[in-house]
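Presented below is the structure to which this report refers.
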Amino acid sequence: MKLWTIEGATLHTWKDFWYIDVASNRQNNLVCIQISSNKIKIIDLDSKEIVKSLDEDDKIRSISMSRDGKFLLVNCSEVNPVINLWSIEHEKIIQKFTGHKQSKYVLK
C-alpha cells in the first residue's frame with residue numbers, strides 16, 4: 001500500500017499488506033485500513049507506523065470513521081448483519097447495532 005501526495009509523489013510504502021477499504025478524517029492523522037475480511041489496522045500518518053489493530057468476528061463489509069477520529073463504524077456480516085461502533089482509543093466495541101437488513105449499501 002502506498003501513501004501519495006496530491007501531486008502524485010510517493011510519501012511512504014507499506015509492503016506487508018494490501019487494503020480493501022480505507023477510512024480517515026481531517027481531525028487527526030489516523031487512517032483506518034481494512035486489510036482482510038475481518039482485520040483493520042490503524043496507521044498514524046505522522047510516524048507511518050501501525051498503532052492499533054482491530055479484529056472482528058465476522059466478515060467486514062465497510063468501515064467509516066467519525067469526524068473527530070475517535071470512533072469507527074464497522075458494517076459486518078451478510079447473514080446476521082451487525083454494525084459495530086468501535087472506540088479507536090480503547091480498541092473495543094462500545095455499541096452494537098442490529099435489526100437492519102444488509103444490502104449493497106456501504107457506510108461512508
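Values for this structure:
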{"read-out": "Selection from Val79, Trp18, Asn28, by position along the positive dipole direction of the chain (Cβ)", "value": "Val79"}
{"read-out": "Difference of contour (0.36 nm per residue) and Cα-Cα distance, Asp16 to Asp68", "value": "15.9 nm"}
{"read-out": "Solvent-accessible area, 1.4 Å probe, carbon plus sulfur percent, for the chain", "value": "50 percent"}
{"read-out": "Where chymotrypsin sites (Phe, Trp or Tyr not before Pro) fall in DSSP loop in the stretch 1-94, at most 12 other Cβ within 10 Å", "value": "Trp18"}
{"read-out": "Residue-span extension gain [Ser47 to Leu3] - 0.36 nm each, minus C-alpha spacing", "value": "14.6 nm"}
{"read-out": "Extended-chain gain in nm, criterion 0.36 nm per residue less alpha-carbon gap, Asn25 and Lys101", "value": "24.6 nm"}
{"read-out": "1.4 Å probe accessible area per residue over the chain, in Å²", "value": "67 Å²"}
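The values are calculated or read from the model by the stated rules, or taken from the named source; none is laboratory data. None of these values were measured; they are calculated from a predicted model. Every residue, glycine among them, receives a Cβ derived from its backbone with ideal geometry; neighbour counts consider all protein chains shown. Remember, those area values only see protein heavy atoms, side chains included, never the ligands or the DNA or RNA. Shrake-Rupley method; radii C 1.70, N 1.55, O 1.52, S 1.80 Å.
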